[in-house]
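Below you'll find the structure, written out as structure tokens, and then a few comments.
The values are calculated or read from the model by the stated rules, or taken from the named source; none is laboratory data. Predicted, not measured: the structure shown is a model, and the values here were computed from it. Positions of Cβ are backbone-derived with ideal geometry, glycine not excepted, and every protein chain shown enters the neighbour counts.
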């Protein structure tokens, strides 16, 4: 007998069952979305965390707002997972892709105000993806590179600043794409 998505979501609360339940949810794919959506409001921070991780792989357009709301979760690991899910474009296309301006605005808020360095580091990644196209994003990256209280966040921000390896790779990639389109 196979478990339903709702049953698997409940198993995410137990550390020794979480990874297996997560893999089983991934195997269910989009069919697990209703159970995962319910899990975003679960009392267990572990359940909310794993549900955000799931939404990095499978998200429906109607659930993007749920991910934005998770950026205010009291648990830093949940906020970090939500930020990653919003910023990671590998699995998202069309209607499932979060609004870039809203993502940028909320990521900059997390970068400025979040007390957790890990959340701020994920915010740097989200903002940094836009640093070649947005002056606002670039300014936020430069500010973090110069003044974030965490050395790890400052280091990551420098990767996305001009001269940094990720900034330069993105710039050369976007230049190649523009040349191909012409």
Out of the residues in segment 127-145 that are outside any loop (DSSP other than H, G, I, E, B) and surrounded by fewer than 23 Cβ atoms within 10 Å (Cβ to Cβ), state the one that is nearest to the chain's Cα centre (by Cα).
-> 137
Select, from 25, 10, the only residue that is over 25 Å from residue 98 (Cβ atoms) and in the same structural domain as residue 69 (by TED's automatic domain parsing).
-> 10
Consider residue 71 carefully, then state whether it is touching a helix residue (DSSP H, G or I) at 6+ places or on another chain (Cβ under 6 Å) and either at pLDDT below 95 or closer than 23 Å to residue 110 by Cβ (or both).
-> yes
All but one of (1) surrounded by 20 or more Cβ atoms within 10 Å (Cβ to Cβ); (2) within 17 Å of the chain's Cα centre (by Cα); (3) outside the structural domain of residue 160 (by TED's automatic domain parsing); (4) in a helix (DSSP H, G or I) hold for residue 59, so report the exception by its number.
-> (4)
The residue from 131, 152 that alone is at pLDDT below 95 and either within 22 Å of residue 85 (Cα to Cα) or touching a helix residue (DSSP H, G or I) at 6+ places or on another chain (Cβ under 9 Å) (or both) is 131
Determine whether segment 39-49 contains at least one residue that is buried (at least 21 other Cβ atoms within 10 Å of the Cβ), modelled with pLDDT under 90 and not in a helix (DSSP H, G or I).
-> no
The lone condition residue 124 fails out of (1) part of a helix (DSSP H, G or I); (2) at pLDDT 90 or above; (3) in the same structural domain as residue 44 (by TED's automatic domain parsing) is (3)
Only residues that are closer than 11 Å to residue 167 by Cα and free of Cβ contacts under 8 Å to residues at least 40 places away in the same chain: list them for segment 129-153, please.
-> 130, 131, 138, 141
